[in-house]
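Working notes, beginning with the structure itself.
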Amino acid sequence: EPMTSLNPLQTIDQQVGEVLRVHRGMDKSAERRRVLELLTRVGLRDPEKRMSSYPHQLSGGQRQRVMIALALANEPELLIADEPTTALDVTIQAQILELLKELQQELGMAMLLITHDLGIVRKMAERVYVMNQGKVVEEGATEDIFERPGHAYTRHLLAAEPKGEPPRADETAPVIMETDNLKVWFPVKRGLLRTTVDHIKAVDGVSLKVRAGQTVGVVGESGSGKTTLGLALLRLISSDGPIVFMGRNIEDYNSSQMRPLRKSIQIVFQDPYGSLSPRLSVSQIIEEGLTIQEPGLSYEQRRARVTQALEDVGLDGGMQDRYPHEFSGGQRQRIAIARAMVLDPKFIMMDEPTSALDMSVQAQIVDLLRDLQREKNLSYLFISHDLRVVRALSNHVIVMRQGKVVEEGAGEKVFTAPESDYTKALLSAAFNLEARELAAVDE
């Protein structure tokens, strides 16, 4: 995980240099030259400037390149790559995989690639081992495994990719959430007096509508403004531009005015391991919203609502007294969805809700979200870099880049007949098509 594997208190050159000092006994000048050489080799832009950066000042893709530089510092004969692209968007994934391939050929090293993404396995591996419950259930040449799987579990994995179509949306249904020319600009301040000298335009003039029972998918590379857009719509960060929820402009609502609306506006976060408090039981996690929004409920009524919410997401209501560490990643994400659903919301922002899950669990969560949408007529803003999941869930898709919408339209149209070069590049990276466009739009 590039977001957490680097020490937040040390600069990049300190972290890479430590490996060289400990294992190679290099002096300071030789260490600096080698760090610069490694960062250049892994394709980090402006390596001399980046050497003095801290991890939080780098993007996910840049951090992953630093992690690869750390691994290569001692010129290993074997590189173990454990889920090297899980938290990265599709264009950065393609770049990291290409980098690993080039380095492998250049250094002649072996690679053990551990991943739940079968597309990456097919692209990178010559030989595949399939594991289930601690045992190897099948092994063989990559082409044989994918074309002629022999074990039932392997066939299950290959068939588990999220498929199907989103529930049909009524184009005349009332608009639940709407914004026009929304902007979120963060000031860049410098000098002793902290004067604003520029702005980071995280969201720059975005307009969208989400109707009842509809899913609007938001895609784009890391830093494109996807999550910032969602947080602004939920009034969790300041923004400029009208935000209309169920007919009311909530742009200028303060926290006390927003509180009664929070029941109808919910969020499911990306990380099922980090978004649930380890100190609270599942019951306490799910009923927290009920305690705030419906304080008149008795203990028995809250327990009943929690039980129903768990059963709605396919979990046993009797599990509510357990703690998050007792559940798998897929089960934890179901608990996070139950926490959002227990208040009977109208609009839910889904921020990368499947990115931390393996493909078979992704497919289960996608099916669950579709079923809940049909049953409860829910509206989703679905933010993801996984275009396969977006395609399976979204009626309407907007593509963002550098804070702006570069393309939007009906989901299937965007996926089958993209118009912008950037959208074509995203699709080529995600679906393993010819990726010539990537270089053209890479900055």
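The values are calculated or read from the model by the stated rules, or taken from the named source; none is laboratory data. Remember, it's a predicted structure, so these values are computed and weren't measured experimentally. Using ideal geometry, Cβ is built from the backbone for each residue, glycine included, and neighbour counts are taken over all protein chains shown.
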Subject >> Unique match (being touching a residue at least 60 places away in the same chain (Cβ under 8 Å), within 25 Å of residue 330 (Cβ to Cβ) and surrounded by 15 or more Cβ atoms within 10 Å (Cβ to Cβ)) among 160, 125, 94 >> reply: 160
Subject >> Complete set of residues in region 144-163 that are modelled with pLDDT of 80 or more, under 27 Å from residue 385 (Cα atoms) and either in a loop (DSSP other than H, G, I, E, B) or in the same structural domain as residue 371 (by TED's automatic domain parsing) (or both) >> reply: 159
Original post:
Of all residues in region 182-200, how many are surrounded by fewer than 16 Cβ atoms within 10 Å (Cβ to Cβ) and closer than 19 Å to residue 238 by Cβ?
Top reply: 9
Original post:
Before we move on, is residue 233 in the same structural domain as residue 186 (by TED's automatic domain parsing) and buried (at least 24 other Cβ atoms within 10 Å of the Cβ)?
Top reply: yes
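Let's see how each residue does on (1) modelled with pLDDT of 85 or more; (2) of a type outside the set (Val, Ile, Thr); (3) over 26 Å from the mean Cα position of the chain (by Cα):
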position: 4; (1), (2), (3): no, no, no
position: 7; (1), (2), (3): yes, yes, no
position: 13; (1), (2), (3): yes, yes, yes
position: 40; (1), (2), (3): yes, no, yes
position: 46; (1), (2), (3): no, yes, yes
position: 60; (1), (2), (3): no, yes, no
position: 67; (1), (2), (3): yes, yes, no
position: 72; (1), (2), (3): yes, yes, yes
position: 75; (1), (2), (3): yes, yes, yes
Original post:
If residue 246 passes every condition in (1) at positive phi; (2) hydrophobic (A, V, I, L, M, F, W, C); (3) surrounded by fewer than 15 Cβ atoms within 10 Å (Cβ to Cβ) but one, which one does it miss?
Top reply: (3)
**OP:** Identify, from the list 352, 311, the residue that is of a type outside the set (Phe, Trp, Tyr), within 15 Å of the chain's Cα centre (by Cα) and within 30 Å of residue 246 (Cβ to Cβ).
**Re:** 352
Subject >> Pairs, first closer than 16 Å to residue 63 by Cα in region 13-34, second of a type outside the set (Gly, Ala, Ser) and not in a helix (DSSP H, G or I), C-beta under 7 Å, six or more apart >> reply: 13/51; 15/6; 15/7
Original post:
Being surrounded by fewer than 19 Cβ atoms within 10 Å (Cβ to Cβ) and of a type outside the set (Asp, Glu), is that true of even one residue in region 386-395?
Top reply: no
**OP:** Determine the pairs where a residue that is among the charged types (D, E, K, R), located within region 382-397, has a partner that is in a loop (DSSP other than H, G, I, E, B) with Cβ atoms under 7 Å apart, the partner being 6 or more residues away or on another chain.
**Re:** 386/354; 386/355; 388/161; 388/162
Subject >> Test for residue 288: is it in a helix (DSSP H, G or I) and more than 13 Å from residue 340 (Cα to Cα) >> reply: no
**OP:** State the number of residues belonging to region 48-64 that are closer than 19 Å to residue 102 by Cα and either out of contact with any Pro (no Cβ under 6 Å at 6 or more places or on another chain) or polar (S, T, N, Q) (or both).
**Re:** 3
Original post:
Hey, residue 275 hits all of (1) within 19 Å of the chain's Cα centre (by Cα); (2) exposed (fewer than 15 other Cβ atoms within 10 Å of the Cβ); (3) of a type in the set (S, T, N, Q) but one; which does it fall short on?
Top reply: (2)
Original post:
Quick one: would you say residue 168 is basic (Lys, Arg) and either assigned to a helix (DSSP H, G or I) or at pLDDT 95 or above (or both)?
Top reply: no
Original post:
Taking region 264-305 only, how many residues are in contact with a Leu (Cβ under 8 Å, 6 or more places away or on another chain) and of a type in the set (A, V, I, L, M)?
Top reply: 7
**OP:** Examine region 74-82 for a residue that is outside the structural domain of residue 356 (by TED's automatic domain parsing) and in contact with a His (Cβ under 7 Å, 6 or more places away or on another chain), and state whether such a residue exists.
**Re:** yes
Subject >> Scope region 263-285; condition touching a residue at least 60 places away in the same chain (Cβ under 8 Å) and not in a loop (DSSP other than H, G, I, E, B); matching residues >> reply: 265, 266, 267, 268
Subject >> All positions within region 170-181 that are among the acidic types (Asp, Glu) and surrounded by fewer than 14 Cβ atoms within 10 Å (Cβ to Cβ) >> reply: 170, 171, 180
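Let's see how each residue does on (1) outside any strand (DSSP E or B); (2) under 14 Å from the mean Cα position of the chain (by Cα); (3) not assigned by TED's automatic domain parsing to the domain that holds residue 184:
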{"residue": "348", "(1), (2), (3)": "no, no, no"}
{"residue": "362", "(1), (2), (3)": "yes, yes, no"}
{"residue": "366", "(1), (2), (3)": "yes, no, no"}
{"residue": "373", "(1), (2), (3)": "yes, no, no"}
{"residue": "399", "(1), (2), (3)": "no, no, no"}
{"residue": "406", "(1), (2), (3)": "no, no, no"}
{"residue": "409", "(1), (2), (3)": "no, no, no"}
